Amino acid sequence: MPNTINPKLPKSVDPYKLAEQHTVLEGEVPTGALSRFRDDVMGLDDNAVCSVRLSFRMDPERRRVVSGELAAPVQLQCQRCMGSMQVILRSHFELGLVTNDEQAQRLPQNLEPFLTDDFNANLWVMVEDELLLVLPPFPLHERDECPAREDLEALEPGSSAEKPVGKSAENPFSVLAGLKNTKH
């Protein structure tokens, strides 16, 4: 089984040839070069890279398949405190290589389609798509690590936070009770 370890994952390859040769590619993609992904995260380190391992093969039905793993450190915005948080995004995926929508519809459910030209696949687009899919919709610090923890605890019922004093502690509907008893 041929293996290629490349510090930088090639941008474009012939995926059909790689699948026939059962090739494994390992390398890195600079996350700053992935514009759609870069726009969806709070920040990336200048030298941040996504580590990628792609295994090309043919399944028993002679479909070309890519199995992959990736990991990338990113900064996301915590939706609880709105502060920055460092996260490592990880993904394991299995893609069926297709050249048109008809082939994509014939793939089994365990394979997601990846659209390629006849002899060309952009691996960086594949990596970027997978990174976008594993972005959490509402990133949050762990509750004990969140800078907003004290504010959250103060809002919980039964907390030891001070209760408002004065008129605001009264029932706002107590005036209605008096109206109910009066006759017109």
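Couple of notes before you dig in:
- Residues Glu94, Glu170, Glu128 in ascending order of nearby Cβ atoms (within 10 Å, fewest first): Glu170, Glu94, Glu128.
- Each Lys and Arg Cβ is given +1 and each Asp and Glu Cβ -1; about its Cα centre, the chain then shows a dipole of about 560 debye.
- Label positions at Asn100 and His22, each projected 7 Å from the Cα along the C-beta direction, are separated by 3.1 nm.
- Lys/Arg +1, Asp/Glu -1 at C-beta; segment 3-145 dipole; positive extreme among Leu131, Ser67, Gln103: Ser67
- Potential lengthening between Asn181 and Ile88 on full extension [0.36 nm per residue; Cα-Cα distance subtracted]: 27.1 nm
- Extension reserve of the Ser35-Glu69 stretch, reckoned as 0.36 nm per residue once the Cα distance is removed: 10.2 nm
- Computed [θ] at 222 nm, helices only, for the chain once each DSSP H run of length n ≥ 4 contributes -39500 (n - 2.57): -6000 deg cm²/dmol
- Within segment 73-114, backbone nitrogen closer than 14 Å to the virtual label 7 Å beyond the Cα of Val125 toward Cβ: 97-101, 113-114
- Cα lying deepest toward the dipole's positive end in the chain, options Ser91, Leu9, Ala177, charges on Cβ: Ala177
- Label assignment, Rg/Rh (Cα atoms, Kirkwood Rh) derived from the structure, set [x] 1.30; [y] 1.03; [z] 0.93: [x]
No value in this document is a laboratory result; all are computed from the given coordinates. The model shown is predicted, which means the values in this text are computed figures rather than measured ones. With ideal geometry, Cβ positions are generated from the backbone for all residues, glycine too; neighbour counts draw on all protein chains shown.
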